[in-house]
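Working notes, structure below.
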Amino acid sequence: MSKLELRELTIEDESAFINGYEDWKNEDITWYSFIWKPGSDYKEHLKQLVDCKDKSKLAENRVPSTMLYAFVNDEIVGRLSIRHELNNSLLERGGHIGYSVSPRLRGNGYATEIFKQGLIYCNKLGLKNILVTCADQNIPSWKIIEKFASHLENRIYDSIKNEYVRRYWVDVQKSLSNNFKINQKVVIYLTRRISDNIQLLVFDHDEKFKDAGTQVIAGSIDANESEHDAALREIEEESGINAENLLLSKIDEYLFFSDLNQKYYKRHVYHCELDSNSVSEKWTHQVSGHGEDSFLNFHFYWQDLELAKNSISVRLGDSLFKINARKNDN
């Protein structure tokens, strides 16, 4: 990739800016500029961009912001907007930064570099933790966000756009130092259908470990082990179910920071619907394998899916809404 420079526009950039619009003209213009419209005066546009950084010159419901454009060989390939602070609307969806890459140039690594240089600019502004949001279905976007020290706080439902939105907090300095380790995990949802009701396989620990709460099968991915193989292994080790012929489907993945363990975890979430007659109503299994749960007793039983969404501990239920989506798709 040619060297990319992310910076504010200057008077010398007028031709590059006007020409750059051609790449976005078939999309919503806000992906290129929030202010400029075809035929607008470029100098006035620059003045308005300067005013956008001054809170005293903005309407009460607006926040100061800086618009940066990404140049490669004197050509605009993308842009990034930085909000210096958040209002209630941006706190829900929008966050501190929003970025876009020319439609014809996507897939060339520009978005990642724009995001990285945007973090450098945020650091200069004194922003230590920034909020970044994107649609749950926008896989390229959240994969970029998760390359940095990001923490998925939650997902909210946008009823206007009829989609779930991921809300990430990014530790700016940790991202730039690249001083963070990601622990790879698998989470497995085993479900069954009783009439029209979906039930989830869950377990509790022995009484002396009751503070661990109700959980689902999960564990670490070993070195040189695939996610899928790890999921099958964890099913057998933690529940005793023969996983040889189970058809697992990956339904989700996300990165989050555990305040309890002070670690970053990347969870790869799998789902499998079992034959309702193939598994007992409840049983106890002593965990095998070499993990930290080895020789513990897990007490398994079935729980209605809607109830499980509010009862599963340590965020292991974050992806349960995906099962509903799969049911509706079917």
Problem set entry | Long-range neighbours under 9 Å by Cβ, at least six apart or interchain, first residue among the charged types (D, E, K, R) within the range 31-43, second modelled with pLDDT under 95 | K37/I29
Exercise. Limited to the range 282-314, what total is found for residues that are assigned to a strand (DSSP E or B) and polar (S, T, N, Q)?
Worked result: 4
For this session: Six or more apart or on different chains, Cβ under 9 Å: which pairs go from a residue in the range 298-315 that's without any contact (Cβ under 8 Å) to a residue 40 or more places away in the chain to one that's part of a loop (DSSP other than H, G, I, E, B) and small (G, A, S)? Could you list them?
Result: K309/G317; N310/G317
Exercise. Here are some conditions: (1) surrounded by fewer than 19 Cβ atoms within 10 Å (Cβ to Cβ); (2) assigned to a helix (DSSP H, G or I); (3) modelled with pLDDT under 95. H228 meets all but one. Which one does it not meet?
Worked result: (3)
Exercise. What number of residues in the range 177-208 are among the hydrophobic types (A, V, I, L, M, F, W, C), over 18 Å from V269 (Cβ atoms) and over 25 Å from the mean Cα position of the chain (by Cα)?
Worked result: 1
Exercise. Which number in (1) under 16 Å from S319 (Cα atoms); (2) at pLDDT below 95; (3) in contact with a Lys or Arg (Cβ under 6 Å, 6 or more places away or on another chain) marks the one condition that F256 misses?
Worked result: (3)
Seminar exercise, completed: Selection from the range 1-27 of residues over 16 Å from R104 (Cβ atoms) and either charged (D, E, K, R) or part of a helix (DSSP H, G or I) (or both) yields K3, E5, R7, E8, I11, E12, D13, E14, S15, F17, I18
Problem set entry | Residues of the range 183-225 satisfying the condition of being surrounded by 14 or more Cβ atoms within 10 Å (Cβ to Cβ) and β-branched (V, I, T) | V186, V187, I188, T191, I198, V202, T214, V216, I217, I221
For this session: Filter the range 261-305 down to the residues that are loosely packed, with under 13 Cβ neighbours inside 10 Å, over 23 Å from E227 (Cα atoms) and acidic (D, E), then identify the one that is nearest to the chain's Cα centre (by Cα).
Result: D275
Exercise. Can you pull out the residues in the range 29-43 that are assigned to a helix (DSSP H, G or I) and surrounded by fewer than 11 Cβ atoms within 10 Å (Cβ to Cβ)?
Worked result: K43
Problem set entry | Failed item in (1) assigned to a helix (DSSP H, G or I); (2) outside the structural domain of L119 (by TED's automatic domain parsing), with Q173 passing the rest | (2)
Exercise. Do we have F180 as in contact with a Phe, Trp or Tyr (Cβ under 6 Å, 6 or more places away or on another chain), hydrophobic (A, V, I, L, M, F, W, C) and at pLDDT below 95 here?
Worked result: yes
Exercise. Are any residues in the range 147-176 under 17 Å from Q262 (Cα atoms) and either over 11 Å from the mean Cα position of the chain (by Cα) or crowded, with 19+ Cβ neighbours inside 10 Å (or both), and if so, which ones?
Worked result: F148, A149, S150, H151, L152, Y168, V170, D171, V172, Q173, K174, S175
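The values are calculated or read from the model by the stated rules, or taken from the named source; none is laboratory data. Quantities reported herein were computed from a predicted structural model and do not represent experimental measurements. All Cβ positions, glycine included, derive from the backbone under ideal geometry; neighbour counts span all protein chains shown.
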